[in-house]
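What follows is a set of notes on a single structure, which appears directly below.
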Amino acid sequence: MTSEPLSPRPIRSLIRLPHRVRQDGGSVTPTAARAIAAAIALALAAYHWRYEGSRDTIVFAGAITTALVAALTLATRRVLFSTAMIGSIVAIVVIASDVKRHYVNMVLHAYDVVFYLTSPTTLSFLWVDHKGPLLALLAAFVCSGLLGTLLLRIDPTRISRVSSAAVAICCCGIAVWASQAKGERRNTLFFWDQLYLSSFYASWAETFETMWQGQLIEAAASQSEPLFTLPTSCVTTERPPHIILIHQESVVPPSFFPSLTYDRSLDPFFTSFDGKMHRLRVETYGGASWLTEFSVIAGVSTYSFGGMRTFVQSLMQGKVHDTMPQSLARCGYRNSVFYPVPKNFVSNGRFYMASGMAEIFDFKAQGAKRYNERDMFYYGNALTHFERHLAGSKQPLFAYIITSATHLPYRNVYEPEMNVPGGGAGTPPEMNEYLRRLAMAKIDYSAFRAELQRRFPTERFLIVQYGDHQPIATRTLLGLDAGLTAEDVKLNPDSPGLLTYYSIDGLNYQPPPMPDVDTLEVPYLGAVLLNAARLPLSDANAERLRLLAACDGRYATCANHDRILQFHRRLLDSGLVEAR
């Protein structure tokens, strides 16, 4: 028996529609659909107004959200569908940002979308460690998809594509204007400002730039030098010294500013064992200490990451395989960091762990009661750690101590009962308070050094200090307006506002000569520390010291910048840095 072939049927006819669906595809009236769309639009507007900060950021985020609605309407001509879909996407972005901020103190960045979708390993990590939030996110996407499928079928509204295109173009123009009006993105935008949509939208430009470049770090297309290898052993001719690296928060030598009147007894605080003061060029002003920390630990410039440099610690977790602490660990050091705030701050704890510092004594672990304890508090905890360790072990110690008392703000008097000198007559109040705190920092460091000598008379110590950035109190001395905040100050890499200091000292230990350069740029400091401890250098660190000499202490501002780019390519090709 034969039968006639079945004629093809439209896919939508295979789906049983609700009884009230009309022939034109709508199950609600156009008036009702527009009313629902208007309600969603009002809810979106209310969210932008309440949570997106200043006028410029509200306009920036609102214009982009509206442009997205218009663009989707241009494609589908359906107002309710487009408004609901963009509304659901906004909700997902806000919730995902809030969840991410809860875990790592950072909000959602556009690169997260690219990174997680192209990294099965990272998705696997999320599944193991954050299964609940990940399942909730997947459920939100599924529900949005189902809602969109339904609305696409039942939305009776039809809008002219000419009108949609006009709105989209107009909103894009407004967004560009608002982007210029709000100025360059602040470092804090992706950390604690909670401007979830503004930050997410703003992050797409640098994400597209990175995708176009093909990697996170700037590097030469190729290079012909041999690949770097990691040493398999660490052989020293004598027992290595214990190493103490002190991150002196917001500290700069006041002698850098000839017009400043201050107590000259502060000057020895900045000198090294050779009796000289050595200048360090950093890459941030008034804040964003994590940028300096990254360069010290990883040995590369944050400038090399372009617009992504604000996020280097989170983006490069586990992707740098020859860090300064890892070099120390290969030589048998027990590594620890004394951190003044919670370890999840800007994802620092994860970066420290991945970089070779297994012990993190943060705000809670140290029993701190405030985020800016006196320096002697952190030094005291480090001394206790040393005593416990050295009581039963010969293993060398590396301690990274991050201070905090000299951090802004300088409007309040820190420990007013302390009678210490500030500035001379006519010194601005902020600078006067900063100088008071600097005097306390000198007192605490001198006491710490003396206590090391008293408690451990036979142990050898190498002590390296550096200023992570200048305090905001120096802005008027740099010719800047007193009303500027730290993030309003934009400096070029050669600016005097990026100069601080570093020092090297020894207890029962004589360090080798220090680099003979006018100014050392911060990415070299880790290699200089390893050399000062007379430890065997990896290929990459030996090359850093050759670059230091060839570039006269410069890195990001090296006259022969191609050498730096070729060095980065060697790091990438050798697998010592992963940058995707």
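The values are calculated or read from the model by the stated rules, or taken from the named source; none is laboratory data. Keep in mind it's a predicted model, so treat the numbers as computed, not measured. Here the Cβ is made from the backbone with ideal geometry for all residues, glycine too, and neighbour counts use every protein chain on show.
Against the condition surrounded by fewer than 21 Cβ atoms within 10 Å (Cβ to Cβ), assigned to a helix (DSSP H, G or I) and either touching an Asp or Glu at 6+ places or on another chain (Cβ under 8 Å) or in contact (Cβ under 8 Å) with a residue 12 or more places away in the chain (or both), how does M431 come out, does it pass? For M431, the condition - surrounded by fewer than 21 Cβ atoms within 10 Å (Cβ to Cβ), assigned to a helix (DSSP H, G or I) and either touching an Asp or Glu at 6+ places or on another chain (Cβ under 8 Å) or in contact (Cβ under 8 Å) with a residue 12 or more places away in the chain (or both) - is not met.
With respect to the stated conditions, F386 is more than 26 Å from the chain's Cα centre (by Cα), surrounded by 15 or more Cβ atoms within 10 Å (Cβ to Cβ) and not in a loop (DSSP other than H, G, I, E, B).
One residue alone among D322, D362 is farther than 22 Å from Y285 by Cβ, buried (at least 19 other Cβ atoms within 10 Å of the Cβ) and touching a Lys or Arg at 6+ places or on another chain (Cβ under 6 Å), and that residue is D362. Cβ-Cβ distances below 8 Å connect the following pairs, each with a first residue in the range 406-424 that is closer than 17 Å to K442 by Cα and aliphatic (A, V, I, L, M), a second residue that is surrounded by fewer than 18 Cβ atoms within 10 Å (Cβ to Cβ) and modelled with pLDDT of 95 or more, and a separation of six or more residues or different chains: V420/I443.
Residues in the range 280-330 that are closer than 17 Å to Y524 by Cα and out of contact with any helix residue (DSSP H, G or I) (no Cβ under 8 Å at 6 or more places or on another chain) were compared, and the one that is modelled with the highest pLDDT is H321.
Counting just the residues of the range 333-348 that are crowded, with 22+ Cβ neighbours inside 10 Å and assigned to a helix (DSSP H, G or I), which one comes out farthest from the chain's Cα centre (by Cα)? The qualifying residue farthest from the chain's Cα centre (by Cα) is N348.
Of all residues in the range 566-580, those that are farther than 16 Å from R546 by Cβ have Cβ atoms under 6 Å from Cβ atoms of residues that are of a type in the set (V, I, T) and buried (at least 22 other Cβ atoms within 10 Å of the Cβ), 6 or more apart or on another chain, in V577/V320; A579/I217. Contact map, the range 131-145: residues that are assigned by TED's automatic domain parsing to the domain that holds K100 and small (G, A, S) paired with residues that are part of a helix (DSSP H, G or I) and surrounded by 12 or more Cβ atoms within 10 Å (Cβ to Cβ), Cβ distance under 6 Å, separation 6+ or inter-chain. Pairs shown: A140/I92; S144/S88.
A quick yes/no check of all residues on (1) under 25 Å from R281 (Cβ atoms); (2) of a type outside the set (D, E, K, R); (3) modelled with pLDDT of 95 or more:
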residue	(1), (2), (3)
G422	no, yes, no
R436	no, no, yes
D444	no, no, yes
E451	no, no, yes
P457	no, yes, yes
L462	yes, yes, yes
D481	yes, no, no
L484	yes, yes, no
E487	yes, no, no
